[in-house]
Amino acid sequence: MCSLVSNIRNSIIYIFVLMFSQLAFATGNTVTENTVINFYKAYLSDDSANDSSIVSKYVSDELMKSINDSTMCNYDSDDSVSAADLEKLCAKKHECKAYKGNYLCDWYGVWVESDVNYFTKSQDVYPSWKSSIKTSTVRQNAQQSVIDVVLGEGKETSSSLQVTLKKDGVNWKISSVTE
C-alpha cells in the first residue's frame, strides 16, 4: 500500500512539474510576441512624434547604429556628424547586393535596404497594418527569439516579415527584420 501511495504521489508531482514547465515556456513566447506586437502598434500609429522613444524602447542599439549609419551615408546628413566624420564613415566599404530592384548593404552584420523603411520593408503603410498584426514564434531560446509577423489583412497588401529579438537584460529588443 505504501508503494502505491508513493507512486500516486510521484505521478501527481510529475504532472504538476510538466504542466508548469509548459506554462513557463508558453509565457516566454507570449512575451516576445507581445514585444513585437507592441512595437508595431506604436511604430505604425499616426503619432510619429514618439518614434525615437519607441525605437529606443524596442530596438537594439546595434541595429539602430546600422540603420542610422546607412541612412546618413545614403541620404543627406542631419548635421549631427561633422563632414570629416561623415566622409570617414561613408568611405568604408560595405558588401552590397541587388535585391528586388533595390540594394541591400551589410552594415556591421545587418543587411539594410535603401529606399524602404527598415521595419516594414516598404515605402507605404496601409491602414489595415495598424489594426491587424499577427505573430507566431518560429523558435526561441534563452537569448534569442524569431517571430513571424504579418501586417495587414483583407484586400490590402499585407507584409510578411521575420523579426529576430535578442535578450537585453530583462527585456527583449529587435535585432533584425527580414522578409
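Read the figures in this text as sums done on the coordinates, not as results from a lab. In this text, all values refer to a predicted model and were calculated from it rather than measured experimentally. Because the Cβ atoms are built from the backbone with ideal geometry, glycine has one as well, and the counts that use them run over all protein chains shown.
Pairwise Cα distances in region 86-129 exceed 13 Å in 62 percent of cases. If the segment from Asp61 to Arg139 were pulled out straight at 0.36 nm per residue, it would be longer than the present Cα-Cα gap by 25.8 nm. Here the translational diffusion coefficient of region 32-179 follows from Stokes-Einstein with Rh set to the Kirkwood radius across Cα pairs; for 37 °C and 0.692 mPa s it amounts to 201 µm²/s. Less than 5 angstrom separates the built amide H of Tyr103 from those of Ser114, all sequence-distant by 5 or more or on a different chain.
Between Asp85 and Gln123, the distance separating the two model label sites (each 7 Å from Cα on the Cα→Cβ line) works out to 3.1 nm.
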